[in-house]
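Nothing in this text is a laboratory measurement; each read-out follows from the coordinates by a stated rule. Keep in mind that what you see is a predicted model, and the values were worked out from it rather than measured. All Cβ positions, glycine included, derive from the backbone under ideal geometry; neighbour counts span all protein chains shown.
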Amino acid sequence: MPRISIHAFVEFPDTGAALQHAGADRRLAKANLNVQLGGINAAVEHYHGVVTPNLIIVETKLNGAAALDELDRLAEVCDPATKVIVVGRTNDVELYRELMRRGASEYLVAPLNPLHLIEVISGLYLEPGTSPIGRVVAFVGARGGAGSSALAHNVSWCIAEELHINTTIVDFDLAFGTTGLDFNDEPGQGVAEALSAPERLDDVLLDRLLLKRGEHLSLFTAPAALERDYDAAPDAYESVLDAVRQTMPCVVVDLPHAWTPWVKATLINADEIVLVATPDLASLRNAKSMIELLKLNRPNDAAPKLVLNQVNQPKRPEIPAKDFAETLGIDPACVIQFDPLLFGQAANNGQTLIELQPQSASALAVRRLAQAITGRAPQASQKANGSILSFLSKGKKRA
């Protein structure tokens with residue numbers, strides 16, 4: 001959603017609560033929402049001699065002609081550019097048609113669903129002909145060494161090469177990123193250069209900075225150098241992701257194990273989160289803290305997908321997967337066994353697990369995770385050819 005101002009005048013507490021719930025959603029983070037009681041009468045009194053906001057949401061108790069009379073009074077004090085959503089209690093087709101004829105943007109029947117309300121508001125500000133934006137999938141480790149980067153890279157390759165969805169890996173671990181290493185490519189200044197001047201990141205520059213690896217996979221590599229300080233503004237990370245998702249159906253973000261304002265913001269704003277943990281106490285504590293924070297800040301989103309990695313490591317005491325899941329209240333999306341030979345050989349060769357041993361347990365787990373993230377299976381992907389619309393259909397169903 002763009003930076004808009006929204007004023008709501010409601011008649012019933014449940015409508016106000018639904019609006020407040022929607023206003024707390026990450027999708028409306030840039031919007032300024034103000035909710036107060038009083039319905040259309042309060043709105044009319046408030047806007048006498050006052051400039052109206054981008055969007056007004058008003059609730060009415062009335063039906064038929066009486067409701068239309070109220071809206072006519074509101075129209076007299078509204079600026080022409082202001083959009084109006086009317087909330088009523090009656091599912092009246094004739095009232096809906098007459099409201100639309102008189103210039104209302106939408107008529108909704110209470111009780112309101114926060115996600116549906118967000119969808120309606122966003123639809124009012126969607127530019128005609130605008131292409132759908134891609135989905136951002138953020139991979140983060142519950143602790144250092146959990147293997148989130150390796151999984152991010154392997155899952156991205158699977159999404160691109162086996163599901164045929166155009167995918168870009170964005171490596172935000174600027175100092176120690178391994179995307180270049182894992183794909184046997186030289187690290188570049190791609191991400192660092194984009195973060196230094198995100199306002200310049202158009203399609204032409206983005207195409208120059210990305211490294212192509214196959215037909216469907218692109219790499220936005222980190223410099224992985226320590227000679228310089230990386231002090232990009234927090235908003236720059238969001239701007240870079242916004243630019244990439246304009247051109248790619250799937251954007252996989254490889255986040256460093258750090259807790260900074262921009263890491264927190266990236267996680268909260270991601271469409272999907274994959275939390276990679278190992279079966280130990282530090283991972284359990286950190287994962288629990290992160291999940292609680294994300295649930296608080298993403299009330300209308302699904303919980304992160306939990307991956308338990310490096311399970312059954314010899315001579316290491318472990319927390320059983322069942323106990324780990326019960327403590328977090330989340331069942332693992334997949335459990336990956338400790339396999340240092342396969343992971344080490346793949347990393348040293350610059351190959352993925354599927355390329356090296358396509359039928360290994362770890363490779364099969366990567367496939368399952370890729371399919372869980374995208375909602376797609378290999379059989380259905382053969383005709384898709386990286387279609388952004390087919391990938392986004394999963395996101396629309398969730399909303």
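Provide the gained length on full extension for the span Ala66 to Asp235, in nm with one decimal, where the gain is 0.36 nm per separating residue minus the Cα-Cα distance.
On the way: separation 169, 0.36 × 169 = 60.84 nm, distance 4.73 nm.
Between Ala66 and Asp235, full extension yields an extra 56.1 nm.
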- Item | Dipole axis of the chain (+1 Lys, Arg; -1 Asp, Glu on Cβ), positive-most option in Ala224, Gln371, Thr260 | Gln371
- Message: If you average the alpha carbon positions of segment 73-130 and of segment 153-185, how far apart do those two centres end up, in angstrom?
- Response: 42
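Could you tell me which of the pairs Lys61/Lys83; Lys295/Lys315; Lys288/Lys322; Lys30/Lys83; Lys30/Lys212 are separated by over 25 angstrom between their Cα atoms in the structure shown?
Details: Lys61/Lys83 20 Å; Lys295/Lys315 35 Å; Lys288/Lys322 15 Å; Lys30/Lys83 17 Å; Lys30/Lys212 33 Å.
Distance filter (> 25 Å) returns Lys295/Lys315; Lys30/Lys212.
For segment 220-274, which trypsin sites (Lys or Arg not before Pro) pass both filters: DSSP loop (anything but H, G, I, E, B) and at most 15 other C-beta atoms within 10 Å?
When the trypsin sites (Lys or Arg not before Pro) of segment 220-274 are filtered for loop state and at most 15 Cβ neighbours within 10 Å, Arg228 remain.
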- For Leu37, enumerate residues with amide H under 5 Å from its amide H, sequence gap 5+ or separate chain, H modeled in the peptide plane. Val10
- Per Stokes-Einstein, at 37 °C and 0.692 mPa s, what whole-number D in µm² s⁻¹ belongs to segment 80-154, with the Kirkwood radius over Cα pairs as the hydrodynamic radius? 201
- Query: If each of Leu296 and Phe12 carries a label point 7 Å out from its Cα toward its Cβ, how far apart are those two points in nm?
  - Reply: 3.2
- Using θ = phi - 60° and the Karplus curve 6.51 cos²θ - 1.76 cosθ + 1.60, what whole-Hz ³J(HN,Hα) does each residue of segment 296-309 get, with Gly and Pro shown as x? 5, 9, 10, x, 9, 10, 5, 5, x, 7, 8, 10, 8, 10
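Report the net charge of residues surrounding Gly145, where surrounding means a beta-carbon distance below 14 angstrom and charges are Lys +1, Arg +1, Asp -1, Glu -1.
Values: positive: Arg143, Arg316; negative: Asp173, Asp280.
Net of charged neighbours comes to 0.
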- Report the FRET efficiency, 1/(1 + (r/R0)^6), for Val109 and Ala361, where r is their Cβ-Cβ distance and R0 is 35 Å, rounded to 0.05. 0.10
- Paramagnetic reach from Asp242 (point 7 Å along Cα→Cβ, amide N under 12 Å) across segment 1-25: 1-4
- Convex hull (Cα only) mean projected area of segment 5-124, reported in nm² to one decimal: 6.5
- Read-out P(r) over Cα pairs in 20 Å bins from 0, in percent, candidates (i) 25, 48, 23, 3; (ii) 27, 49, 20, 4, 0; (iii) 26, 59, 14, 0; calculated match is (i)
- Item | Options Ser131, Val50, Trp157, ranked by Cα towards positive dipole end of the chain, top entry (Cβ charges) | Trp157
- Cβ-defined net charge surrounding Gly329, 14 Å radius [Lys, Arg +1; Asp, Glu -1]: 0
- Note on the structure: Here segment 79-92 yields Karplus 3J(HN,Hα) values (6.51, -1.76, 1.60; θ = phi - 60°; whole Hz; Gly and Pro given as x) of 5, x, 7, 6, 8, 10, 10, 9, 10, x, 10, 10, 7, 10
- How high is the FRET efficiency from Gln337 to Val51, r the C-beta distance, R0 56 Å, rounded to 0.05? 0.35
- Task: Calculate how steeply helix 361-374 sits against the longest principal axis of the alpha-carbon atoms of the chain, using the helix alpha-carbon long axis, and give the answer as 0 to 90 degrees to the nearest 10.
- Result: 10
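Hey, got a sec? Which trypsin sites (Lys or Arg not before Pro) in segment 1-77 land in a DSSP loop and have at most 10 other Cβ atoms within 10 Å? Numbers along the way, then the final one.
Numbers: sites: Arg3, Arg26, Arg27, Lys30, Lys61, Arg73; in loops: Arg3, Lys30, Lys61.
Answer in residue order: Arg3, Lys30.
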- Charge dipole magnitude, Cβ of K and R +1, D and E -1 - segment 135-398, Cα centre, debye nearest 20: 1020
- Query: What angle, in degrees between 0 and 90 and rounded to the nearest 10, separates the Cα long axis of helix 340-349 from the longest principal axis of the Cα atoms of the chain?
  - Reply: 90
- Query: Nearest 20 debye, what's the magnitude of the dipole of segment 35-171 about its Cα centre given +1 on Lys and Arg Cβ and -1 on Asp and Glu Cβ?
  - Reply: 260
- Message: So, R0 is 35 Å and r is the distance between the beta-carbons of Arg368 and Asp185; what FRET efficiency does that work out to, to 0.05?
- Response: 0.85
- Message: Once each part is reduced to its C-alpha centroid, what is the distance from segment 199-254 to segment 316-337 in angstrom?
- Response: 33
- Total formal charge among the other residues, if their Cβ is under 14 angstrom from that of Thr221, Lys/Arg +1 and Asp/Glu -1: -4
- Item | Amide H contacts of Lys83 (H built 1.01 Å from N, under 5 Å, at least 5 apart or other chain) | Leu55, Ile56
